[in-house]
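The values are calculated or read from the model by the stated rules, or taken from the named source; none is laboratory data. Keep in mind that this is a model prediction, so the values were computed, not measured. Cβ atoms come from the backbone with ideal geometry, glycine included; neighbour counts cover every protein chain shown.
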Amino acid sequence: MASVDIALKSLNAYIHAQDENTSEQEIIIIDKNGNYVSHNDESKILQSDELAQAIKSSFSADTTTFKLDSNIATCKVESQTQWLLCSIIPESRIADKLSQNNKPIFIMLGIFAFILVVALYVILAYLLKPIRRIKKEFARVF
């Protein structure tokens, strides 16, 4: 049991060394019994809690992304070990990124609309040029 614990702690340290700059994000691994194999908190390794059970019960092969309270979890089963690898991020993080994208999108939409109006004006002016000539000729005749 001690050797398993040492191996899991080194695996855990390796996994969480990769995500040092993403403090809001959690990367966890859960075994088929619902126990943590990797967690941000090393004391939870080889233990289970409500979050692990909620993830295990919410996950299905058809639905790999699901909502947990105010978080969004994306999970995948590792085929050889049958461990559930999950990334959990706050829903607000996604919403903030989407709202940051709104301003540039609306600016580009405005520029596109302006270019479209100018292009339509030029095309219609070219296509309707014969009608103006006919109108002038009718005005001259009558």
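Against the list (1) β-branched (V, I, T); (2) more than 14 Å from the chain's Cα centre (by Cα); (3) in the same structural domain as L8 (by TED's automatic domain parsing), the condition I105 fails is (3).
Tell me, which residue of the range 30-51 that is under 13 Å from L85 (Cβ atoms) and among the aliphatic types (A, V, I, L, M) is farthest from the chain's Cα centre (by Cα)? Write out each step before concluding.
So in the range 30-51, the residues under 13 Å from L85 (Cβ atoms) come out as 30-32, 36-39.
Within this subset, residues satisfying the condition of being among the aliphatic types (A, V, I, L, M) are 30, 37.
Numbers: I30: 22, V37: 25 Å.
The selected residue is V37.
Does I45 count as aliphatic (A, V, I, L, M) and surrounded by fewer than 10 Cβ atoms within 10 Å (Cβ to Cβ)? No: the conditions fail for I45.
Within the range 40-57, the set of residues being at pLDDT below 85, closer than 18 Å to D69 by Cβ and acidic (D, E) comprises D41 only.
Every condition in (1) farther than 30 Å from Q25 by Cβ; (2) surrounded by 10 or more Cβ atoms within 10 Å (Cβ to Cβ) holds for S87 except the one numbered (1). Filtering the range 45-57 to residues that are assigned to a helix (DSSP H, G or I) and either in contact (Cβ under 8 Å) with a residue 24 or more places away in the chain or within 9 Å of G34 (Cα to Cα) (or both) leaves A52, Q53, I55, K56.
Provide a single number: the residues in the range 1-39 that are farther than 21 Å from S79 by Cα and at pLDDT 80 or above.
Just the residues of the range 1-39 that are farther than 21 Å from S79 by Cα, to begin with: 1-3, 5-6, 9-10, 13, 16-26.
So of that shortlist, the ones also at pLDDT 80 or above come out as 25-26.
Qualifying residue count, the range 1-39: 2.
Here the range 23-38 is the region considered, the condition is being more than 20 Å from A61 (Cα to Cα) and of a type in the set (D, E), and the residue that is surrounded by the most Cβ atoms within 10 Å (Cβ to Cβ) is E26.
With the requirement that a residue be in a helix (DSSP H, G or I) and at pLDDT 85 or above, what does the range 58-80 give you? Write out each step before concluding.
As a first pass, look at the range 58-80 and keep what is in a helix (DSSP H, G or I): 58.
Within the range 58-80, none qualify.
Taking the criterion of being at pLDDT 85 or above and outside any helix (DSSP H, G or I), would at least one residue in the range 95-115 satisfy it? No, there is no match, as no residue in the range 95-115 is at pLDDT 85 or above and outside any helix (DSSP H, G or I).
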